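Quick notes on the structure that follows.
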Amino acid sequence: MRQIIYTFIVLSLGFWACESTEKAPETAVSEMTSNLTEELSGTWESVSLKVFVKTYENTDSSFIIDVQERDWEASFGMRPTKMVFQPNDKYYSEHRSTIDTLIDITRGLWKLEADTIQMVTEVGVTYRYRVKVRNGLSEFRAFVDWDGDGEEDDEYIEIKRLVSISTD
C-alpha cells in the first residue's frame with residue numbers, strides 16, 4: 001500500500017511540474033502573434049510564387065504557375081513586388097516596372113491572429129494568408145480564386161525575402 005501511495009505522489013508531482021512549466025494556450029498564441037508581428041515588420045520582396053490552379057474555368061483541367069525570382073520580370077513584366085509591413089498595423093505594396101517606374105501601390109491595414117494574417121486594402125478587399133517566417137524568408141499561403149471561376153480552390157504560395165527592417 002505504501003508503494004502505491006508513493007507512486008501516486010511521484011506521478012502527481014510530475015504532472016504538476018509539467019503543468020506549471022507549460023504556457024496556457026492563449027498565452028502561447030499571443031506570444032506567437034507578438035513574435036510574428038515583430039518578425040514581419042519591415043520590407044519584403046517576392047522571391048517566388050506558385051499557384052496550383054484546380055478546376056480551371058469550372059472544368060476538370062488544372063495547371064501550375066511556378067515563377068522563381070530569376071523569371072519574375074519575364075513572367076509578369078515587372079520587378080518583384082515589395083511589401084512593407086509597418087508596426088502601426090499599416091502596410092503597402094509596390095509594383096514597379098522593369099525600369100523601376102511605379103505601376104501601382106496598394107495600401108491597407110494588417111492584423112495577425114495566431115499564424116494567419118488578414119490584410120484589408122483601402123478599397124475594402126480582404127486577403128487572408130497563413131504565414132510562416134524563418135531565416136529571413138516568409139511564406140504566405142492561402143486558397144484563392146486565381147482563375148476567376150468563383151471558387152477559392154486554387155492553392156497560392158508566395159515566398160518573400162526580408163530586404164530591410166526599415167518600414168518607411
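Structure note, pairs LYS90/LYS111; LYS50/LYS111; LYS54/LYS132; LYS50/LYS90; LYS132/LYS160: Cα-Cα distances above 18 angstrom occur for LYS50/LYS111; LYS54/LYS132; LYS50/LYS90. Neighbours of ARG161 by Cβ distance under 9 Å: Lys/Arg scored +1, Asp/Glu scored -1, total -1.
For the range 74-168, what ratio Rg/Rh do Cα atoms give with a Kirkwood hydrodynamic radius?
On the way: Rg = 13.9 Å, Rh = 14.6 Å.
So for the range 74-168, dividing Rg by the Kirkwood Rh gives 0.96.
Over what distance in Å are the Cα centres of the range 112-168 and the range 74-101 separated? When both Cα centres are located, 14 Å separates them.
Every number here is computed from the coordinates shown, using simple stated rules; none is lab data. Please read all numbers here as calculations on a predicted model, not as lab measurements. A quick note on method: Cβ atoms are made from the backbone with ideal geometry, for glycine too, and the neighbour counts reach across all protein chains shown.
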